[in-house]
Structure formats: C-alpha cells, structure tokens
Amino acid sequence: MPTIEEEIQQPTFSSPAHRAQVNVLYTAAWIDQQTTVALRQFGLSVQQFNILRILRGRAGNPATVKLLTERMIDKMSNASRLVDKLKDKGYVERQECPSDRRRVDIFITEEGLRVVGEASVAVEEAVLHKFKNLDNDDFNQLSGLLDRMRG
C-alpha cells in the first residue's frame, strides 16, 4: 500500500503534524471520490445522499432547511437548493408547517427511502471494500484519533 509521500510524490513534510494533515485531506478526498462513483448509478451527489440519510434518520419526523444545514457533513452546501433537486426527483416533499406558516417542513418520500436504502448499500460495499486492510479495532482507533484531533 502506497504511503502519502508516494501518492502525492512529495518526499518530505515539514513535520509529522503537516504529514498527518495532508494525509487526512488526501484520504477524505479519496473517500469522497469512491462515494461519488458508487452514487452515480442513483443520480445522487454526495451532498444529496447526505440529506436523504439525515431525513431517513428522522424516522418520519420533518426537518427544516436549517436543521439539515446544521447536520450536513459539508457545511458549505446550499441545503435549500439540494432539497429542491431532491424534490424534483420525487425523493422529498416540502410542506408548509400548519402552526408556523413561515416554516417549511421537509419529509422524505417512500421513493426517497427506497433510493437512500439502495444507495447506502452501494456506498458501504464500494467504500468498505477499500478498507479491507483495517479491522474494527483499527476503525475504533482511527475514529478516536480523529475525534481527539477535532478537540
């Protein structure tokens, strides 16, 4: 398995922290690419997939665009525009809140649940296959280190 130095053809880094930073960024982009490829057959972007997973996790409870924005992995995404695209595909519905007409509730549709279920399986198979060199202890250690890094 190639090292980060081999992957980006950079023989040295200014410090171990710099090497780790570059490695995390490179690996995140690599995972994003793998996920994008797995989602292509469903016509979903990584950000749209993220919204569908958030809505599925709400177990039938509505979400607002604000809530989606807060929970999204990519905070730079335009959640309102993404919801519009998912609505056009029939995966979500927008409903005016009966108690507050300024608020719009977003629900996942049955078709959205079906697609996010199938897409989740495809992503897990595609990405987890790439992680075959790691076991559960490795994943737990990596998650712990990443949590500590974010402080």
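The values are calculated or read from the model by the stated rules, or taken from the named source; none is laboratory data. Being a predicted model, the structure only gives us computed values, none of them experimental. Virtual Cβ from ideal backbone geometry, glycine too; neighbours counted across all protein chains shown.
Miscellaneous remarks
- Taking every residue in segment 58-82 that is on the phi < 0 side of the Ramachandran plot and pairing it with any residue that is among the aliphatic types (A, V, I, L, M) and assigned to a loop (DSSP other than H, G, I, E, B), at least 6 positions away or on another chain, the pairs with Cβ-Cβ distances below 7 Å are 79/72.
- Residue count, segment 85-110 (criterion: under 18 Å from residue 46 (Cα atoms) and either exposed (fewer than 13 other Cβ atoms within 10 Å of the Cβ) or modelled with pLDDT under 95 (or both)): 2
- Here residue 38 does not qualify as under 30 Å from residue 103 (Cα atoms), in contact (Cβ under 8 Å) with a residue 12 or more places away in the chain, buried (at least 18 other Cβ atoms within 10 Å of the Cβ) and touching a helix residue (DSSP H, G or I) at 6+ places or on another chain (Cβ under 7 Å).
- Number of the exception - residue 52 against (1) part of a helix (DSSP H, G or I); (2) in contact with a strand residue (DSSP E or B) (Cβ under 9 Å, 6 or more places away or on another chain); (3) more than 28 Å from residue 25 (Cβ to Cβ): (3)
- Residue in segment 44-56 that is without any contact (Cβ under 8 Å) to a residue 24 or more places away in the chain, of a type outside the set (Ser, Thr, Tyr) and surrounded by 11 or more Cβ atoms within 10 Å (Cβ to Cβ) present: yes
- Qualifying residues in segment 9-32 (those that are closer than 30 Å to residue 123 by Cβ and among the β-branched types (Val, Ile, Thr)) - the one nearest to the chain's Cα centre (by Cα): 31
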